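The values are calculated or read from the model by the stated rules, or taken from the named source; none is laboratory data. This is a predicted model, so every value here is computed, not measured. Using ideal geometry, Cβ is built from the backbone for each residue, glycine included, and neighbour counts are taken over all protein chains shown.
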């Protein structure tokens, strides 16, 4: 639940794809049953960070999100969950819910950074109900994902080129 008591839908990262029209990366979040999908357009560096986290890639030196994880570990803080809690205009917003010495601390984050950190620490990711409703109205939220594997592709193809890059983290 969010602070407002709103219901949340838990999602997992299905993967990072490249939008064929604009060559922008898209992180695809799916609900735990695999029935619903939410694509969010992100930047190239953010896509790389999420992909590295998903694949447990170890780099010679810690990259930004690895450093964030090391800082949390060093101070014995933990990321309890990520909530994609709002969409304003064409921008998504998220919060990190940290446990610091038993106290919950909420930190504003870009969703791409929140997701990149969550995949590293295996923290759950949630989407707020209001975000689901807005993205459904925008035609971005896929609801028959398993029955129609091409639904995500058709969502991407239906969008006009000028829309790409708008729906970002």
query: Which one of these is in contact with a strand residue (DSSP E or B) (Cβ under 9 Å, 6 or more places away or on another chain), in a strand (DSSP E or B), closer than 23 Å to residue 141 by Cα and in contact (Cβ under 8 Å) with a residue 60 or more places away in the chain: 28, 16?
result: 28
query: Does residue 79 satisfy being without any contact (Cβ under 8 Å) to a residue 24 or more places away in the chain and in a strand (DSSP E or B)?
result: no
task: Might you let me know whether the stretch 55-62 holds any residue that is modelled with pLDDT of 85 or more, touching a strand residue (DSSP E or B) at 6+ places or on another chain (Cβ under 7 Å), farther than 13 Å from residue 141 by Cα and surrounded by fewer than 13 Cβ atoms within 10 Å (Cβ to Cβ)?
output: no
query: Considering 141, 126, which residue is at pLDDT 90 or above and closer than 22 Å to residue 17 by Cα?
result: 126
- line: Sole miss for residue 72 among (1) closer than 23 Å to residue 136 by Cβ; (2) touching a residue at least 40 places away in the same chain (Cβ under 8 Å) is condition (1)
In the stretch 87-109, residue farthest from residue 49 (Cα to Cα) [restricted to those that are at pLDDT 95 or above and surrounded by 15 or more Cβ atoms within 10 Å (Cβ to Cβ)]: 99
- request: May I ask you to say which residue of 50, 87 is assigned to a strand (DSSP E or B) and touching a residue at least 24 places away in the same chain (Cβ under 8 Å)?
  value: 87
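Okay, residues lined up against (1) within 13 Å of the chain's Cα centre (by Cα); (2) modelled with pLDDT of 90 or more; (3) surrounded by 20 or more Cβ atoms within 10 Å (Cβ to Cβ):
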| position | (1), (2), (3) |
| --- | --- |
| 4 | no, no, no |
| 15 | yes, no, no |
| 36 | no, no, yes |
| 64 | no, yes, no |
